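Below: one structure, written as structure tokens.
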Amino acid sequence: MSNNWSVNQLNHLEIGEVDVLELVKNYGTPLYVMDESKIRKQCKTFLNGFQHHIVKTEIIYASKAFLNLSMCELIKEEGLSLDVVSGGEMFTAIHSGFPVSKIFFHGNNKSVEELKMALEHRIGTIVIDNADEFNRLSLLVEKDRKIRVMLRINPGIDAHTHEYIRTTKNDSKFGVSIFDPKTLFLIQLIHNHPSFDFVGFHSHIGSQIFEENSFKELAVTNLKYCAHIQKQLGIEVKELNLGGGFGAHYTNEDHPFSLETFLPKILDTIHQESIGLGIKTPKILIEPGRAIVAEAGYTLYTISGTKETFGGKNFVFVDGSMADHIRTALYQAKYNASLGNRMMDKVEKNYTVTGKACETGDIIIKDIMLPIPKENDLLVVYSTGAYHYSMSSNYNRLLKPAVVFASNGKTKLVVKRETYQDLLRSDIRLGK
Ligand code: LLP
């Protein structure tokens with residue numbers, strides 16, 4: 001999917017029809033570039049594909065993948081809803097003017113302040129994670145109000161993905177298990193509470209999932225649970241949120257399934273299954289994050305040099321680090337890259353791409369064939385739109401890169417590059 005790069009006559013990569021050297025000239029490196037049209041196209045793929053003549057649906061963008069004010073505006077324009085998981089994400093969304101009724105507030109450990117903020121701003125749906133949170137929220141909600149809530153359930157499905165991004169094993173910290181008898185009691189309490197409008201369940205089984213079957217298993221298990229709840233408690237589950245997790249293409253080892261085929265098909269399966277179980281098909285919600293932004297993102301780095309170690313390893317040094325690219329160190333994630341200013345040059349040698357951080361684990365790409373790089377060549381790493389900018393840090397007091405949207409030959413700066421002054425903004429002197 002990602003390999004249809006567009007290369008101009010100067011042998012340079014173009015992103016959103018903008019020459020990468022133009023981007024570097026105007027914004028410097030390291031730089032995150034998002035192809036805005038690609039993000040919008042993915043939003044439309046989800047909206048158009050996830051439709052059914054009977055089943056009602058809703059697409060919620062999981063903002064943890066990539067969020068800032070412009071992204072909120074884009075998501076609002078495309079007509080998706082928004083999943084936030086912290087006061088910070090909620091604040092950004094509210095501040096951008098995102099319709100609060102279309103925000104879902106998630107998280108396994110929401111603070112009292114965050115819950116108060118959600119109530120004060122009339123956030124559309126609060127997804128309750130556990131009994132403690134239910135108690136906390138019921139003490140906070142005003143008597144004369146009715147708030148829309150869902151309950152996060154753990155259906156115990158094992159998605160085949162990295163352990164750190166898998167979320168529904170039995171000992172997961174998220175949600176309440178459908179196998180735990182106490183869950184039934186909690187559902188009854190939520191349903192009976194006069195201030196709560198209990199609409200249904202939420203679940204999320206993990207991220208970067210390539211098997212259609214994992215989603216099917218999730219849907220069927222959850223529907224069976226809905227039928228069980230209806231039978232045991234007489235409560236109709238009106239909405240079922242199946243979470244996110246749709247895989248993206250990083251290297252040729254990744255084979256995401258076709259959303260165009262999968263999305264309508266799973267709705268059909270859900271509808272048939274509901275009929276078989278004798279329940280009214282609930283409204284189905286999904287929460288893609290990565291699949292919307294990953295492949296739209298590129299990180300641009302300037303190469304400062306190379307080093308062949310005594311042991312024979314070849315390093316390429318770039319002006320970024322694990323602080324702007326943590327996924328390789330954290331999940332052993334694999335990436336593809338090119339020299340953006342020498343796209344058609346012959347690849348000659350295997351390199352490890354590393355940055356400026358004082359860590360042996362500061363690896364951006366472990367193995368990549370490249371043309372012999374020269375100082376000031378431009379390294380472009382592909383598929384860095386999800387969980388890169390949002391997971392970046394100031395480790396080693398490195399500055400966070402700027403973020404630029406590029407599309408139809410135009411660019412727009414959406415996040416400024418940090419300055420050294422920004423680093424001092426929250427510091428307070430001892431003052432002695
Ligand atoms: N909904 C909930 C409740 C989630 O926890 C997540 C992701 C999503 C939706 C969106 O999942 P996606 O469609 O993006 O796979 N930092 C990790 C990914 C962690 C995902 C956490 N939850 C990474 O870089 O791979």
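Pairs under 8 Å by beta carbon, first residue at negative phi and assigned to a loop (DSSP other than H, G, I, E, B) in the range 240-257, partner hydroxyl-bearing (Ser, Thr, Tyr) and within 8 Å of the ligand (Cβ to nearest atom), six or more apart or different chains?
Note: pairs meeting the criteria are 244/207.
Condition first: under 24 Å from the mean Cα position of the chain (by Cα) and farther than 12 Å from residue 318 by Cβ. Now tell me which residues in the range 349-379 satisfy that.
If the condition is that a residue be under 24 Å from the mean Cα position of the chain (by Cα) and farther than 12 Å from residue 318 by Cβ, then 361, 366 are the ones that fit.
Give the range 369-420 a look and list any residue that's in contact with a Leu (Cβ under 8 Å, 6 or more places away or on another chain) and part of a loop (DSSP other than H, G, I, E, B), or say none.
Correct list: 371, 373, 377, 394, 399, 401, 417, 418, 419.
Answer with yes or no whether residue 267 is touching a residue at least 24 places away in the same chain (Cβ under 8 Å), out of contact with any Asp or Glu (no Cβ under 9 Å at 6 or more places or on another chain), buried (at least 17 other Cβ atoms within 10 Å of the Cβ) and within 17 Å of residue 207 (Cβ to Cβ). Please lay out each step first, then the result.
Details: touching a residue at least 24 places away in the same chain (Cβ under 8 Å): yes; out of contact with any Asp or Glu (no Cβ under 9 Å at 6 or more places or on another chain): yes; buried (at least 17 other Cβ atoms within 10 Å of the Cβ): yes; within 17 Å of residue 207 (Cβ to Cβ): no.
Spelling it out, it is not the case that residue 267 is touching a residue at least 24 places away in the same chain (Cβ under 8 Å), out of contact with any Asp or Glu (no Cβ under 9 Å at 6 or more places or on another chain), buried (at least 17 other Cβ atoms within 10 Å of the Cβ) and within 17 Å of residue 207 (Cβ to Cβ).
Among the residues of the range 285-311, what is the count of those that are in a strand (DSSP E or B), more than 14 Å from the ligand (Cβ to nearest atom) and hydrophobic (A, V, I, L, M, F, W, C)?
2
How many residues, within the range 115-148, are of a type in the set (Asp, Glu) and away from the ligand (no atom under 15 Å from the Cβ)? Spell out the reasoning first.
Narrowing the range 115-148 to residues of a type in the set (Asp, Glu): 120, 129, 132-133, 142, 144.
From the residues that got through so far, the ones that are away from the ligand (no atom under 15 Å from the Cβ) too are 120, 132, 142, 144.
Residues flagged as of a type in the set (Asp, Glu) and away from the ligand (no atom under 15 Å from the Cβ) within the range 115-148 amount to 4.
Only one of (1) part of a strand (DSSP E or B); (2) closer than 30 Å to residue 291 by Cα is not met by residue 197, so which one is it?
Condition not satisfied by residue 197: (2).
Each row is one residue, and each column tells you yes or no for (1) closer than 30 Å to residue 240 by Cβ; (2) touching a strand residue (DSSP E or B) at 6+ places or on another chain (Cβ under 9 Å).
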position: 263; (1), (2): yes, yes
position: 270; (1), (2): yes, yes
position: 280; (1), (2): yes, no
position: 287; (1), (2): yes, yes
position: 290; (1), (2): yes, yes
position: 301; (1), (2): no, yes
position: 304; (1), (2): no, yes
position: 316; (1), (2): no, yes
position: 320; (1), (2): no, yes
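Please state which one of 60, 15 is over 26 Å from residue 141 (Cβ atoms) and crowded, with 19+ Cβ neighbours inside 10 Å.
Numbers: 60 fails: over 26 Å from residue 141 (Cβ atoms).
Answer to the selection: 15.
Go through the range 94-106 residue by residue and tally those that are buried (at least 21 other Cβ atoms within 10 Å of the Cβ) and part of a loop (DSSP other than H, G, I, E, B).
2
When the range 275-291 is examined, which residues are found to be surrounded by fewer than 22 Cβ atoms within 10 Å (Cβ to Cβ) and either over 17 Å from residue 58 (Cβ atoms) or of a type in the set (S, T, N, Q) (or both)? Write out each step before concluding.
Just the residues of the range 275-291 that are surrounded by fewer than 22 Cβ atoms within 10 Å (Cβ to Cβ), to begin with: 275-281, 283.
275, 276, 277, 278, 279, 281, listed by residue number.
Restricting attention to the range 311-325, does a residue exist that is within 25 Å of residue 208 (Cα to Cα), aliphatic (A, V, I, L, M) and touching a residue at least 40 places away in the same chain (Cβ under 8 Å)? Spell out the reasoning first.
Step one: list which residues in the range 311-325 are within 25 Å of residue 208 (Cα to Cα), which gives 320-325.
Pick out the ones that are also aliphatic (A, V, I, L, M) and you get 322-323.
Restricting the remaining residues to those that are touching a residue at least 40 places away in the same chain (Cβ under 8 Å) gives 322-323.
Yes, the range 311-325 contains a residue that is within 25 Å of residue 208 (Cα to Cα), aliphatic (A, V, I, L, M) and touching a residue at least 40 places away in the same chain (Cβ under 8 Å).
Could you tell me whether residue 224 is assigned to a loop (DSSP other than H, G, I, E, B), of a type in the set (Lys, Arg), outside the structural domain of residue 398 (by TED's automatic domain parsing) and surrounded by fewer than 18 Cβ atoms within 10 Å (Cβ to Cβ)? Steps first, please.
Values: assigned to a loop (DSSP other than H, G, I, E, B): no; of a type in the set (Lys, Arg): yes; outside the structural domain of residue 398 (by TED's automatic domain parsing): yes; surrounded by fewer than 18 Cβ atoms within 10 Å (Cβ to Cβ): yes.
For residue 224, the condition - assigned to a loop (DSSP other than H, G, I, E, B), of a type in the set (Lys, Arg), outside the structural domain of residue 398 (by TED's automatic domain parsing) and surrounded by fewer than 18 Cβ atoms within 10 Å (Cβ to Cβ) - is not met.
Would a scan of the range 86-93 turn up a residue that is outside any helix (DSSP H, G or I), within 15 Å of the ligand (Cβ to nearest atom) and polar (S, T, N, Q)? Write out each step before concluding.
Here is the first cut: in the range 86-93, the ones outside any helix (DSSP H, G or I) are 86.
Checking the rest, the ones that are also within 15 Å of the ligand (Cβ to nearest atom) come to 86.
From the residues that got through so far, the ones that are polar (S, T, N, Q) too are 86.
Within the range 86-93, one or more residues are outside any helix (DSSP H, G or I), within 15 Å of the ligand (Cβ to nearest atom) and polar (S, T, N, Q).
The values are calculated or read from the model by the stated rules, or taken from the named source; none is laboratory data. Note that the structure is predicted; figures quoted are calculated from it, not measured. Reconstructed Cβ throughout: ideal geometry from the backbone, glycine too, with neighbour counts over all protein chains shown.
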